[in-house]
1. Taking N as the number of residues in the range 110-199, what value does Rg over Cα atoms divided by 2.2 N^0.38 Å take?
2. Over all distinct alpha-carbon pairs, what is the Kirkwood Rh of the chain in angstrom?
3. Could you work out [θ]222 nm for the chain from helices alone, using -39500 (n - 2.57) per DSSP H run of at least four and dividing by all its residues? Round to the nearest 500 deg cm²/dmol.
4. Show me 235-245, 379-389 ranked by packing, highest mean number of other Cβ atoms within 10 Å first.
5. Can you give the translational diffusion coefficient of the range 2-197 in µm²/s, computed by Stokes-Einstein from the Kirkwood radius over Cα pairs at 20 °C and 1.002 mPa s?
6. How many Å³ per residue does the convex hull of the Cα positions in the range 196-240 occupy?
7. Fewest to most neighbouring Cβ within 10 Å: what's the order for Cys370, Cys4?
8. Using Cα centres only, tell me the gap between the range 217-248 and the range 257-271 in whole Å.
Amino acid sequence: MRICVIGTGYVGLVTGTCFADFGVNVTCVDKDAEKIEMLKRGEIPIFEPGLAELVSKNIREERLSFTTDLETAIKESLVVFIAVGTPPKDDGGADLSYVKDVARSIAENLNGYKVIVTKSTVPVGTGRLIEEIVGSVQDEHSFDVASNPEFLREGSAIEDFMKPNRVVLGARSERAIEILKDLYSPLYLIETPVLITNVETAELVKYASNAFLATKISFINEVASICERVGADVHMVSKGMGLDNRIGPKFLHPGPGYGGSCFPKDTLAITKIAKNNDFTFKIVEAAVEVNERQTQIMLEKIKRALGGDLKGVKISTLGLTFKPNTDDIRESPAIRIVEGLVKEGAVVSVFDPAGMEHSRELLAGSVSYCEDSYEGADGASALIILTEWNQFRKLDLERIKGLLKEPRIIDLRNVYEGDALRAEGFQYVSVGRERLSG
Ligand code: UDX
């Protein structure tokens, strides 16, 4: 089978490459000629462990190719995946202009039956919209529109594609479902559950899943604030909750809030979808609000630990990305906190193993950039952990203590054990594990 994937962003590139690895012939298309040239050389514009190797292997084995020639790619393919961006508009809704442009191009190049599949996260109703666009441009060839949402986490996207918890296929016609099932047949060996639904349901599964996970994080972050007020330990509360099969242990880790390219965008989008349909999605609206407040709560925590006034106080921060193993700083709580510290007048230094380049423009001149985890600690009044990169989990504490002006670690990702650090003479502050003082 030959398929094409339109859009070589995060989702498109991972999807196209993994299908090629399944043995499918895949053409990845993008209008950005420079990017396509890079990809042809096997150079990957994004940070994703294992992806470069997989791209090179499948180019070599001639199952994966890259082109700007959208027309030919569509004409040669039975299945056309739409994986272009759906950036948020000012009102929180998703901007569908790229999706609509692609739908028109597909219609103009239809030369026989095809399945048109949305892989980008699109508002409920987009499948129908694509159907209308393609149907209005041409009526010569038959086609089906399907929804096949992705559930890829940055940093483990390949594993998530190859060993998914589930595959969701939404389509009206049996023919389209059979073709898509065939495409995913390598996953039958590992008995991946495949959920067959209508298009609208598949579109909503994606938003509902992300909104639920975001709510789970906001929930535990609020529980952490209660823990600090009553003398409870949030880790034990999470553990106690997570042992209940109905709750599950994951996504109950407190911290500075969720970030990234999906949760912030998708939570806003689902509340917008509800609003457009005369309904208020109260829980998710609250989860968004809680996530925004979390930055403020973290800044207050830092101020309290440092005696209230941050003016002129030297602070070393570790971590800029929204989570480890990515270079993505979009909507990163670490960035929001660094900006907040700067605003309070602190003298801030930053270090991140992968997120420094992307943050330079954003933080322009307001912070100093360090070469490693230790440089910023020299003469600083606190070391703050903002992202839980592995290399921050086992710092040379003796060295840190020798460098810091005052031995103080503020661990907003709860990677250290408080008692151990206190025994080494540090003032240690984390999230939801020490009683709020002052
Ligand atoms: C997410 C979804 O997991 C994925 O299924 C979807 O398709 C895209 O969005 P991703 O954005 O890569 O993936 O990040 P994820 O690993 O889910 O983490 C999201 C954010 O939540 C991070 O900022 C992380 O630090 C935070 N988080 C996660 C917590 O604060 N606590 C937790 O317990 C879990």
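Derivation of every value follows stated rules applied to the coordinates shown; laboratory data play no part. What you see is a predicted model; the values in this text were computed from it and never measured. Here the Cβ is made from the backbone with ideal geometry for all residues, glycine too, and neighbour counts use every protein chain on show.
1. After normalising by residue count via 2.2 N^0.38 Å, the value is 1.17.
2. Values: mean 1/r = 0.0425 Å⁻¹.
Evaluated on the chain, it is 23.5 Å.
3. After summing the helix terms and dividing by the residues of the chain, the value is -13000 deg cm²/dmol.
4. The peptides rank, most packed first, as 379-389, 235-245.
5. This corresponds to a translational diffusion coefficient of 127 µm²/s.
6. Details: hull volume 3.1 nm³, N = 45.
So the per-residue Cα hull volume is 69 Å³.
7. Numbers: Cys370 19, Cys4 27.
Taking fewest neighbouring Cβ atoms as first place, the list is Cys370, Cys4.
8. 22 Å
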